[in-house]
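Structure, as structure tokens:
The values are calculated or read from the model by the stated rules, or taken from the named source; none is laboratory data. In this text, all values refer to a predicted model and were calculated from it rather than measured experimentally. Cβ sites come from the backbone with ideal geometry, for glycine too, and all protein chains shown count toward neighbours. For accessibility, only protein heavy atoms count, side chains too; no ligands or nucleic acids. Shrake-Rupley method; radii C 1.70, N 1.55, O 1.52, S 1.80 Å.
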Amino acid sequence: MSDLAALSDEHLAAARSAPHGRSAQVVMHDGVLRQSVIALLAETSLDEHNAPPAASLHVLRGRVRLTAAGWSEELTAGELKMIPKERHGLVAVEDAVVLLTAVND
């Protein structure tokens, strides 16, 4: 089992020294299931991209804004949200770490 608190610390530190302000690591991969820790510095984003068949976002630290066509929703530490099955993006409102769980074909 991965220590998500330690991974959060590690990837926030890496994001702070990265030119693009983010850091990520796949922490579990089993067949179609994949979990990744992603750290984003404030105002850093993951540009709009296609959604996998099923996915959720768990905010481990900070605040993020999940965006899709015509809407956005702010999530804070501790919140868990299903990712819409449409193109979407993610913006860090403040330094943040999320756990992305995705099921891919």
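For the stretch 58-73, enumerate the residues that are surrounded by fewer than 18 Cβ atoms within 10 Å (Cβ to Cβ) and more than 18 Å from A39 (Cβ to Cβ). Across the stretch 58-73, the qualifying residues are A68, A69, G70, W71, S72, E73.
When the residues of the stretch 12-22 are filtered to those that are more than 12 Å from A92 (Cβ to Cβ) and open to solvent by less than 50 Å² (accessible area, probe 1.4 Å), the one that is nearest to the chain's Cα centre (by Cα) is A14. Within the stretch 32-57, residues that are crowded, with 17+ Cβ neighbours inside 10 Å reach partners that are among the acidic types (D, E) and modelled with pLDDT of 95 or more with beta carbons closer than 8 Å, at six or more positions or on different chains, in the pairs A39/D95; L40/D95; L41/D95.
Does V93 satisfy being surrounded by fewer than 16 Cβ atoms within 10 Å (Cβ to Cβ) and at pLDDT below 95?
Values: surrounded by fewer than 16 Cβ atoms within 10 Å (Cβ to Cβ): yes; at pLDDT below 95: no.
Answer is no for this residue.
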